[in-house]
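Step one of this worksheet: look at the structure below.
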Amino acid sequence: MASPHTAIDRRALITGRLLKADRRVVAPPGGEIASILVQARPERLVGVEAAIVALAGCEIYGRDPKGKLVVVVDAPDAGSLGTTLNTIALLPDVYSASLVFHAIDAG
C-alpha cells in the first residue's frame, strides 16, 4: 500500500528548511560557510581589515598589499551571510566584495 504524500511547503523547500510531520518548519543543523574576495583602497587596507574582523563570524584568510583581502565567513543561515556580504561591500574604502565560494555545513 502506497503512503499518502504530504504536501511540502514551497517556501520551506526553496529556503532549505525541513518540514516536519506536524507541519512545523525547522532550519537544518549547521550553517553557511563562504569566502569573499574584497578589493579595497590599498592605503586604507588596515582599517578595512579591522572593520571586517569586527563583524561576527568573519576572519581574514589572505591579504595582498595591493588592496585585496580573502575573507572567510561562518554564518548561521543564508540571510545572515547575505547581510554580512552587503555590510562588507558598503564599508568605506571598499571597491567591491564578491562571493567566490559558498557551502552549507550539514553539521
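Placing dummy labels 7 Å off each Cα toward the beta-carbon, the span from residue 72 to residue 90 is 2.7 nm. If the chain linking residue 39 and residue 102 were pulled fully straight, counting 0.36 nm for each residue of separation and taking away their Cα-Cα distance, it would gain 20.8 nm.
Protection proxy ranking, highest mean first, for peptides 33-40, 58-65, 80-87, 92-99: 33-40, 80-87, 92-99, 58-65, where packing is the per-residue count of other beta-carbon atoms within 10 Å, averaged.
Laboratory data are not the source of any read-out in this text; all were calculated from the coordinates shown. Remember, predicted model here, so these are calculated numbers, not experimental data. Cβ coordinates were reconstructed from backbone atoms using ideal geometry, including for glycine residues, and neighbour counts include every protein chain displayed.
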